[in-house]
Structure formats: structure tokens, C-alpha cells
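In what follows, a single structure is set out as C-alpha cells and then discussed.
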Amino acid sequence: MAIVHAKEMLLKATAEKYAVGAFNCTNLIQIEAVVEAAVELNAPLILQASVAPSKFLRPEVIGAIYKTLAESAPIPICLHLDHCNDVAFCKACADAGYTNIMIDASKQEFKENIRQTKAVADYCHRLGNVSVEGELGTVSGVEDQVRVADDDAELCDPEQAMAFVELTGIDIFAPAIGTAHGVYKTQNPKLDFDRLEKIADLINGREIRVPLVIHGGTGLQPDVVKRLISLGGSKFNVSTDLKHTLIDTTYGYIAANRDEYNPGKIDAAVKAAIKEKINYWIRLLGSANKA
Ligand SMILES: [Zn+2]
């Protein structure tokens, strides 16, 4: 029951106006922490790995860890490849058991973005049970190997978004609306709520067909997160927050226990800290008890 792709869980989330947390992980401890926290809150879950950790650990290894944990969990869990700009690696991860693939060809011109995104969507749909996320416009900041300067960030055009969804056959869609990767420089980043509303209305106004993804969750104020969900965001990506928690907790533990040589205790501290963060996000996104 627990191995699912993203689209089916996000159709339900969009209809019921909550969002599923999509949490980026780089190692086993993080993955286990995220799964345990979601199970404890009975929340649907999207585990994410971006390209660098997927290559470092290998897709087969991440796929096997996912399969083992998801099969025994009483909640639906999806394994998502985040921001991959390489069509061949997208296919390799789908082959290795990832159940949602994000092809990020958003830096390409429109036609080329469509061509690459459609190639991945066609491949994943032939495999069956793998859904695909595409992006139009660019989210600023750095996500793994995709780097976009703030002033290069182009927001998503609603009419183009409609065409992009139709022509590529993607299952879920990430429109750039002003959110950013990394740490926001201001408490109130300039987000284009009207643009999101327009896109949601055009694509899902009559019938929910292609759920919408919000990138750059870290640092957004709770009321902003809730507003984005009310306007149609149903997958919420959180990465930077978890990276900081992992590194700060590890550093803090070692600094406080410099004479101790027990890696298991560092792992336990990291796991507890990550679980606390996931708890915060799941409650904020409204996905507790929605499994
Ligand atoms: Zn992203």
C-alpha cells in the first residue's frame, strides 16, 4: 500500500486543501527520521533526493532503502528525484524505483523544455506507476547543480503554463511564482500570489488534473505557507531547513561532547532534531491524519 507515485496523493491533497511535505534527504538517518515522523502523524509523505546525493549513494541504493521502509510503513510514501536536468539520469532513477521524477529543463527555451520534459514523461508513463514533475519559469537560488541568480529568475507565464502542461503530459507542475531555494534574505519575500491563483484556475479550475508544487519552502512564514496552499499548492518542497538541521545538530553535538567517540549518539541526535522539524512542517501543511 505504501509505495505510491506523487500524482495520486496530490490530487487528494489539492481537493482537500492541504499540502504534502516533500523533504530532501541526503543520507539514511534523515530518511528514517522523515519516515518515522510522518508515520507518527499518519501523514502522506514525499521523500526527495536531488541529483548529487542520488549519484553519490546511487539510485539503486536509495531505491532499495525506500522500498524497504515504504513497504512496511502504514502511510503512502513517494520517492522523488528533485531538479534533474539530465534526461538519461531521470530515466535511470525511474528504472531504480523512484516513483516521481522531476525533469528540470526550465533553463532551456520553451520548446526545448517541452521536448525534454515530454521525453521523460513518456518514458515514465511507459514504465507505469511513475509520475513526472516539470517546471516552467525559474526558482531563484541554488538547488544542487541548478544555479539561478535572483535577477535571472523568470516567473511562470500562466498561458504558457497551460500549453506546457498539455504538450508535455506531465503529472504535477512547478510554476515559478517568486519562491527561492536556500535562505531568504528577507522575512517577506515577494511572492506572486495572483499568478499562482491564475495558474491554478487555468489548469485545475474545472477539474483537478495536474497538482501544483511550491519550491523553496524553507523560511516562508506560516501565514504565507497557508495562503499558498489555499491557492492550490499541494506539494511543498523543504530542503535547506533539513540541511541546516543536520549540520547544526552534528556540529553542536560534537562541540558539546568532544571526547566521545560514539557515532550512534550523533545519529540519534540528528534523527531527533530532523523529526522535530518534520513534525513542524507536517502540522503546518495540514497533512497530519491524511494518510
Ligand atoms: Zn526546488
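So how strong a dipole does the range 181-252 carry about its Cα centre when Lys and Arg Cβ are +1 and Asp and Glu Cβ are -1, to the nearest 20 debye? Don't skip to the answer; put the middle values down first.
Working: 10 positive and 8 negative charges, 24 e Å.
The dipole of the range 181-252 has a size of about 120 debye.
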**Request:** Determine the sum of side-chain charges near residue 286: Lys and Arg each +1, Asp and Glu each -1, restricted to other residues whose C-beta is under 10 angstrom from that of residue 286.
**Result:** +3
**Prompt:** What are the radius of gyration and Dmax of the chain, computed over its Cα atoms and given in Å?
**Reply:** 18.0, 62
**For residue 50, residues with placed amide H under 5 Å, excluding near neighbours** = 25, 82
**Extension gain from residue 283 to residue 108, taking 0.36 nm per residue of separation minus the Cα-Cα distance** = 59.4 nm
**Message:** Among DSSP bridges having both ends in the range 53-146, what percentage is antiparallel? Round to the nearest 5.
**Reply:** 10 percent
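Per DSSP helix of 4 or more residues, -39500 (n - 2.57); summed, then divided by the residues of the chain. What does that give at 222 nm, rounded to the nearest 500?
On the way: 11 runs with 144 residues, N = 291.
The per-residue figure over the chain is -15500 deg cm²/dmol.
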**Asked** Assigning unit charges at the beta carbon (Lys, Arg +1; Asp, Glu -1) and nothing else, what dipole magnitude in debye, to the nearest 20, does the range 4-130 show about its Cα centre?
**Response** 380 debye
**Fill in**
Expected vector for the range 258-271, Karplus 3J(HN,Hα) from phi with 6.51, -1.76, 1.60 and θ = phi - 60°, integer Hz, x for Gly and Pro, equals 5, 8, 9, 10, 10, x, x, 6, 5, 4, 5, 5, 5, 4
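Please go through the residue pairs 198/243; 12/198; 12/277; 91/275; 12/107 and name each one whose alpha carbons sit more than 28 Å apart in this structure. Mind dumping the intermediate values first?
Details: 198/243 33 Å; 12/198 20 Å; 12/277 24 Å; 91/275 31 Å; 12/107 30 Å.
Distance filter (> 28 Å) returns 198/243; 91/275; 12/107.
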**Request:** Write down the percent of antiparallel bridges among all DSSP beta bridges whose residues are both part of the range 139-291, to the nearest 5.
**Result:** 40 percent
**Request:** Leaving ligands, DNA and RNA out of it, work out the accessible area of residue 166 with a 1.4 Å probe and give it in Å² to the nearest 10.
**Result:** 100 Å²
**Message:** Residue by residue through the range 8-19, what is 3J(HN,Hα) from phi via Karplus (6.51 cos²θ - 1.76 cosθ + 1.60, θ = phi - 60°)? Round to whole Hz and write x for glycine and proline.
**Reply:** 5, 6, 7, 4, 5, 4, 4, 5, 9, 6, 10, 10
**Full-extension gain in nm, residue 186 to residue 60, via 0.36 nm per residue minus C-alpha separation** = 41.4 nm
**Request:** May I ask you to list the residues of the range 23-45 whose amide nitrogen lies under 18 Å from a point 7 Å from Cα along the Cα→beta-carbon direction of residue 250?
**Result:** 24-34
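Dipole magnitude of the chain about its Cα centre, charges +1 at Lys/Arg Cβ and -1 at Asp/Glu Cβ only, in debye to the nearest 20?
Numbers: 30 positive and 38 negative charges, 94 e Å.
Using Cβ point charges on Lys, Arg, Asp and Glu, the chain gives about 460 debye.
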**Request:** Heavy atoms only, probe 1.4 angstrom, no DNA, RNA or ligands counted: give me 65, 103 ranked by accessible area, highest first.
**Result:** 65, 103
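What does the charge add up to near residue 95, with Lys and Arg as +1, Asp and Glu as -1, over the other residues with Cβ less than 15 Å from its Cβ? Walk me through the numbers on the way to the answer.
On the way: positive: 55, 58, 67, 91, 126; negative: 60, 86, 122.
My count for the surroundings of residue 95 gives +2.
What fraction of the Cα pairs in the range 139-278, stated in percent, has a spacing above 19 angstrom? The partial results should precede the final answer.
Values: 5696 of 9730 pairs.
Result: 59 percent of Cα pairs exceed 19 Å.
Tally up the carbon and sulfur contribution to the accessible surface of the chain as a whole percent, 1.4 Å probe, everything protein left in place. Show your work: numbers first, answer last.
Details: 6620 of 12750 Å².
That share works out to 52 percent.
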**Item:** the range 199-291 - Rg (one decimal) and Dmax (whole number), Cα, Å
**Value:** 17.8, 62
**Asked** Taking the Cα atoms of the range 1-115, what is the range of coordinates along each of the three principal axes, in descending order and whole Å?
**Response** 43, 35, 19
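Solvent-accessible area per residue for the chain at a 1.4 Å probe radius, Å²? Walk me through the numbers before you get to the answer.
Numbers: 12750 Å² over 291 residues.
That works out to 44 Å² per residue.
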**Complete:** The local net charge around residue 62, scoring Lys/Arg +1 and Asp/Glu -1 for residues other than residue 62 whose Cβ lies under 14 Å from its Cβ, equals -1
**Message:** Per residue of the range 66-77, what does 6.51 cos²θ - 1.76 cosθ + 1.60 with θ = phi - 60° give for ³J(HN,Hα)? Whole Hz please, x for Gly and Pro, Karplus curve as stated.
**Reply:** 4, 4, 4, 6, 5, 4, 9, 8, x, 10, x, 10
**Prompt:** Say a paramagnetic label sat at a point 7 Å from the Cα of residue 68, along Cα to Cβ; which residues of the range 1-40 have their backbone N under 12 Å from it?
**Reply:** 28-29, 32
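The values are calculated or read from the model by the stated rules, or taken from the named source; none is laboratory data. Model, not experiment: these values are computed from the prediction. Neighbour counts are summed over all protein chains in view; Cβ atoms, including those assigned to glycine, are modelled from backbone coordinates with ideal geometry. The accessibility values were calculated without ligands, DNA or RNA, using every heavy atom of the protein model including side chains. Shrake-Rupley method; radii C 1.70, N 1.55, O 1.52, S 1.80 Å.
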